[in-house]
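As structure tokens, the structure follows; a few thoughts come after it.
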Amino acid sequence: MWKVTLPAFGVLLLAWFFGNFVLGWFQQNNVKPQTQHSEHPSRAADSPDQSCLCHLTGVLDDCFCDVESIDVFNNFKIYPRIKRLTEKDYFRYYRVNLKRPCPFWPDDGHCAIKDCHVEPCPESKIPVGIKSGNYNKYSQAANTMSDMTECEQAKELGAINSTLSNQSKEAFADWARHDDAQDHFCELDDETSPDSEYVDLLLNPERFTGYKGSSAWRVWNSIYEENCFKPRSVYRPLNPLAPSRGESQFTVSSSARSTWLSLISQQSLKEAGLSLGFVGDDDGEGFYKWLEGLCLEKRVFYRLISGLHSSINIHLCAEYLLDEGWGRSVWGPNVQEFRQRFDTAETKGEGTRRLKNLYFLYLIELRALYKVAPYFERAFVNLYTGNTQEDSATKDLLLEVFNEIKSFPMHFDEKSMFAGHKIEAKILKEEFRLHFKNISRIMDCVGCSKCRLWGKLQTQGLGTALKILFSEKEIQKLPEHSPSKGFQLTRQEIVALMNGFGRLSTSIYQLHNFRVLLNKNR
């Protein structure tokens, strides 16, 4: 009997072990991948690594476009082209004055960190067609007018006028009138100043330089608190300078606030590399009720600034100093830094709002490019550097970008803005312009030279986009075969416009990379 029973028991034991092995293998190879690839929002939200991006979906506020459509359009159609375009000579050299004093508070001095430094471009490296003048001139004949010194120009003005074609004379008059135009949304640098220098943007990329703390925080605080149509009684969420609940902000002296700010821990201000240190216990409920109660124009203004802020933060996270050893710095994406700025848990739900404002800003600038395309499509408009072959390739690539933009089906409709009573609309538009112009002046208060460079460029890019959107009638009246009299862009504005949009395109592209990295970290 035992002879029969023992073998049978051995067979049963072996079958039990084999069954458990098969069941374990099945669970490991079938159940887990289903969970891992689940796209159900609630499941994804359970992971802190995904909480800031899983809610970044659906239709954006104040427009009829969804995040997913922008992702596909940008990452596959726009980003590769805009990246190549901004590497062209016409767009890589930007003239800027980084020595202008801060007009609002005593200068803290420039950042001493070596990565804050901007290396100006030697005069010998600047293409001849660019350094001969900064306006978008339409032919080599028109550009030669700027090759002389100011003194020679004064002496030979009569000779120039007698040799230029009528078309070039009109262009010259337009450039002079443009200087006096009142349609600027930015405080433009005086490019004749000896402190203005050309910078090669490719050799001075936007990165996390280590610039942070109270100086960096004060820049953004001034922008949000004083220029976004916000009363001081309404507190932004997670604002370290907001008083505690029930305390009047006006009972805190400016000196006390300044002292308190200086005592805030570096950990709390870690986000400030041209970013705010978002800390505090305000849930933002009152702020967003106030924001929703604003008219569309003022609500749009806030979202534009927030979107620009978010875009800059993404650049700093994507190009972070990961290692600095043996004289060779290693730059790359910092996932932890990204989470601190945008994760739902880290920002009490603010992260998704910030990222959606980035997409909103992208749509605004995309719309501006759509509107300004006819300005560049005219045959005589030439992006002049002095290299005929290069100039032709640059123009072709620019028109290719415009053609892709025209194919996008969900553009922002700006006609709903400033559409009320004419006098009230005009006053509101002027307020809009002056507030943004003031923000461009605040960029001269940024202590890090590299941060100042990219802050000024991206602000001017957005200002140029706004100028375009508010000049629709003038653009529609553009003459086909001669320079326009009512609407004009300088080369600086063109370079800032395309590079500014290129930065937004890069931000959205980088979001895809962070999604991949966050998934790997899970």
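The values are calculated or read from the model by the stated rules, or taken from the named source; none is laboratory data. Keep in mind the model is a prediction, meaning the values are calculated, not measured. Positions of Cβ are backbone-derived with ideal geometry, glycine not excepted, and every protein chain shown enters the neighbour counts. Side chains included, ligands, DNA and RNA excluded: accessible areas come from the protein's heavy atoms. Shrake-Rupley method; radii C 1.70, N 1.55, O 1.52, S 1.80 Å.
Of the residues in the stretch 350-358, none is at pLDDT below 95, in a helix (DSSP H, G or I), open to solvent by 10 Å² or more (accessible area, probe 1.4 Å) and farther than 29 Å from residue 511 by Cβ.
If only residues of the stretch 376-406 that are within 23 Å of the chain's Cα centre (by Cα) and in contact (Cβ under 8 Å) with a residue 40 or more places away in the chain are counted, the one that is farthest from residue 60 (Cα to Cα) is 394. Filtering the stretch 209-234 to residues that are at pLDDT 90 or above, assigned to a loop (DSSP other than H, G, I, E, B) and either farther than 30 Å from residue 290 by Cβ or open to solvent by less than 10 Å² (accessible area, probe 1.4 Å) (or both) leaves only 228. For the stretch 309-336, a residue qualifies if it is assigned to a helix (DSSP H, G or I) and in contact with a helix residue (DSSP H, G or I) (Cβ under 6 Å, 6 or more places away or on another chain), and the qualifying residues are 310, 311, 313, 314, 317, 318, 335.
Residue by residue, here is whether (1) surrounded by fewer than 14 Cβ atoms within 10 Å (Cβ to Cβ); (2) touching a helix residue (DSSP H, G or I) at 6+ places or on another chain (Cβ under 9 Å); (3) modelled with pLDDT under 95 holds:
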site: 60; (1), (2), (3): no, yes, yes
site: 64; (1), (2), (3): yes, no, yes
site: 67; (1), (2), (3): no, yes, yes
site: 78; (1), (2), (3): no, yes, no
site: 83; (1), (2), (3): yes, yes, no
site: 89; (1), (2), (3): no, yes, no
site: 93; (1), (2), (3): no, yes, no
site: 100; (1), (2), (3): no, yes, yes
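Residue count for the stretch 386-418 under the criterion of being open to solvent by less than 30 Å² (accessible area, probe 1.4 Å) and closer than 22 Å to residue 83 by Cα: the result is 9.
The sole residue among 427, 442 that is in contact (Cβ under 8 Å) with a residue 24 or more places away in the chain, of a type in the set (A, V, I, L, M, F, W, C) and part of a helix (DSSP H, G or I) is 442.
Residues that are surrounded by fewer than 21 Cβ atoms within 10 Å (Cβ to Cβ) and among the aromatic types (Phe, Trp, Tyr) within the stretch 476-513 comprise just one, 509.
Taking the stretch 317-336 as the search range and keeping residues that are out of contact with any strand residue (DSSP E or B) (no Cβ under 6 Å at 6 or more places or on another chain) and of a type in the set (D, E, K, R), which one is least open to solvent (accessible area, probe 1.4 Å)? So the residue we want is 324. All conditions in (1) surrounded by fewer than 22 Cβ atoms within 10 Å (Cβ to Cβ); (2) closer than 22 Å to residue 307 by Cβ hold for residue 460, with the sole exception of (1).
Per the listing 377, 365, the residue uniquely in contact with a helix residue (DSSP H, G or I) (Cβ under 9 Å, 6 or more places away or on another chain), over 30 Å from residue 520 (Cβ atoms), open to solvent by less than 40 Å² (accessible area, probe 1.4 Å) and of a type in the set (D, E, K, R) is 365. Looking only at the stretch 300-316, how many residues end up being surrounded by fewer than 24 Cβ atoms within 10 Å (Cβ to Cβ), among the β-branched types (Val, Ile, Thr) and closer than 16 Å to residue 502 by Cβ? The qualifying residues number 1.
The set of residues in the stretch 463-475 being assigned to a loop (DSSP other than H, G, I, E, B) and open to solvent by 30 Å² or more (accessible area, probe 1.4 Å) consists of 470 alone. Checked against (1) farther than 19 Å from residue 227 by Cα; (2) free of Cβ contacts under 8 Å to residues at least 12 places away in the same chain, residue 434 meets all criteria but (1). The numbered conditions (1) modelled with pLDDT under 60; (2) within 27 Å of residue 383 (Cβ to Cβ) are all true for residue 48 except (2).
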